[in-house]
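Okay, so here's the structure we're looking at.
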Amino acid sequence: MNQYGGVARYGYAPVNKQQEVSRRMLRKLIAPGLLALVLVGAVACGGGGDSEESAPSESDAAAEPTVESSGIDISPALGGNPTAEPSTNPATGDDKFGGKLRVLGGDPPTLDPALVSDTSSARIVLELFSGLVRLDNNLQIVPDIAETWDISEGGTVYTFTLRDDAQFSDGTPISAKDFKYAMERAANPDTESTVAELYLADIIGVPEIIEGDALTASGIEVVDDKTLRFTIDAPKAYFLAKLTYPTAFPLLQSNVEAGGRTWTDNPIGSGPFTLDEYRIGERMILGRNDNYYDRLAYLDTVEINLAGGVAMAMYEADEIDLTGVGLADLDRVQDPSNAINRDLVSVPPGFSTSYLGFNVDEAPFNDVKFRQALAHAIDKDLIAEQVFAGLVRPADGVLPPLFPGFNDGLQTLDFDPEKAQQLLEESSYPTLSDRDRRIVITTQGTGGSPSLSIEVMADMWAQNLGVEVEIQQVEFATYLQDLYRNRLQAFFGGWEADYPDPQDWIDILFHSESPRNDGNYSNPEVDRLVEQARTEQDVVLRTELYQEAEQLIINDVAWLPVWWDTQGLALIKERVNDYNFLPMTIEIFKDVWIEE
């Protein structure tokens, strides 16, 4: 998904680690007199908010993860006929019921399931809406509104039977036509979805809707009120996983059409919570959906503070119930004699990668040797240890550690200033006059100065290559809009997995015809490998295909991966129970309960 930024993955406010590192530390990394080069041409934006490094700042532990199996499977070969467990909807007299969870967050760019393309939006939408299937806390695909499904015709036909008791939050029964309406609406060009093609175009007829040549898809068939059938263009092991994405969630047509462009001000959803109040820049309140088909959420409400503030101070003032732990507080929160130590919990590494991307259609990034020179000129180990004090792990590849398909044998472009200089000289842009234009890296953020890590990378390029760059900060929603329209020359961002399959990274981000190929990267061999992987049913071979493609992507520096999460720490109030910290954005608030 999905770009992350502005809001924590887990619904708690992180502390920006690198902002807590003294600027004096930067001077240890940079030769005297060169500090000013870091800030040359930086464009400052007014206002406040987290920088683009919000996501990795949630991981504040000293331990580096070992490369081992996560226990999470790549999408398996074709199977079928799973059965949902019976609903257990307890009486509201259960002693777990009641209470309010308070968290710090930021305004989501959208609450429309058809438009979700970032984690900030997804973490709210997943609480308000449900789909046919979902990812559970073990990141396995399990039934949701669908009670059972069957896969036939060699893996190209999926038939879902819906639960009889599934209904929207206003009590309207959910039927197969609500899924068909929502998915065809998402694909319609008038909706302006940037993600419909990524997650729905495997269905026969959907590409024609996207192109504006049709209004309905023959591959989405309403058999009867409780039976929905999809026909896809080829057998694809990951198709079921794609249905966990919000573009496949049902919508109540009357709600959408009555509300027009602002229908999400009063959305009628199908998830465990409803949107009870939303004041932009102030607060959002989610209330328990008493018409939810499954076991009801325990919490009465979730209150999300959107006004901002210092997370640790707000936590200690009992204004919020959980927060990340920053460097300045690390020692004291780990001290057993400190009362706050009892609130300390461990947070797993996220399935996310922070990276520097390039528009390879624009000079000087249209020269692979220039991009390779930039890669060899960056000392990522030094950044991880000195800027982040070891709280992130230098990233070598696209897929993060412990993720299915992760390749610990990837050949990487390591720090080598001499090789970097040689590659620059061999490129089409060895001097400033050859480049003949400024280089601008765009990052999300509304703070005064750009992030320290990007400043350090800029200084390394200046020192090792004589290449100077400008750093431009823009508000998160604007960043996403410009990124998706290929307006950015170079960009710093992050990608978090939507589902546990390499296809969600290697294919979606780097196939030459993918709408989420934000850098316009094109390599025919990468295309061939991912196209073969799409229909390969042997899990081992499919993994090998993605790993081979990933190696080519790294060689070409389509991305310059910078860091991955490591194990983290957070504080959570003792009264809060069963808050699950997970490496991906899924529904989490339903299981939380308050013990007063």
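The values are calculated or read from the model by the stated rules, or taken from the named source; none is laboratory data. Owing to the predicted nature of the structure, the values given are computational and were not obtained by experimental measurement. As a convention, Cβ positions derive from the backbone with ideal geometry for all residues, glycine included, and neighbour counts pool all protein chains shown.
For segment 276-310, the set of residues classified as part of a strand (DSSP E or B) and among the basic types (Lys, Arg) consists of 279, 283, 288, listed by residue number. In segment 124-154, of all residues being in a loop (DSSP other than H, G, I, E, B) and of a type in the set (D, E, K, R), the one that is surrounded by the fewest Cβ atoms within 10 Å (Cβ to Cβ) corresponds to 136. Residues that are touching a Phe, Trp or Tyr at 6+ places or on another chain (Cβ under 8 Å) and farther than 22 Å from residue 455 by Cβ within segment 417-443 comprise 423, 427, 428, 429, listed in sequence order. Counted as qualifying within segment 329-437 are the strands (runs of 3 or more DSSP E) with 3 or more residues that are polar (S, T, N, Q), namely 352-358.
Residues that are among the hydrophobic types (A, V, I, L, M, F, W, C), assigned to a strand (DSSP E or B), under 27 Å from residue 280 (Cα atoms) and modelled with pLDDT under 90 occur in segment 471-494; there is at least one. Residues in segment 152-168 that are more than 18 Å from residue 291 (Cα to Cα) and either small (Gly, Ala, Ser) or modelled with pLDDT of 95 or more (or both): 9 in all. Residue pairs whose Cβ atoms lie under 8 Å apart, separated by 6 or more positions or on different chains, with the first residue in segment 427-450 and under 23 Å from residue 486 (Cα atoms) and the second at pLDDT below 90 and basic (Lys, Arg), are 429/435. Quick check: is even one residue across segment 218-236 closer than 29 Å to residue 497 by Cα and either part of a helix (DSSP H, G or I) or touching a Pro at 6+ places or on another chain (Cβ under 8 Å) (or both)? Checking segment 218-236: not a single residue is closer than 29 Å to residue 497 by Cα and either part of a helix (DSSP H, G or I) or touching a Pro at 6+ places or on another chain (Cβ under 8 Å) (or both).
The rows are residues; the columns are (1) exposed (fewer than 14 other Cβ atoms within 10 Å of the Cβ); (2) in contact with a strand residue (DSSP E or B) (Cβ under 8 Å, 6 or more places away or on another chain).
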residue	(1), (2)
242	no, no
251	no, no
261	yes, no
266	yes, yes
273	no, yes
280	yes, no
311	no, yes
314	no, yes
334	no, yes
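Is it the case that residue 205 is farther than 26 Å from residue 268 by Cα and at pLDDT 95 or above?
yes
For segment 348-390, the set of residues classified as surrounded by fewer than 22 Cβ atoms within 10 Å (Cβ to Cβ) and basic (Lys, Arg) consists of 369 only. Residue selection: residue 257 satisfies the criterion of being in a helix (DSSP H, G or I), at pLDDT 95 or above and of a type outside the set (Val, Ile, Thr). Note on segment 528-551: among residues that are within 23 Å of the chain's Cα centre (by Cα) and free of Cβ contacts under 8 Å to residues at least 60 places away in the same chain, the one that is nearest to residue 239 (Cα to Cα) is 533.
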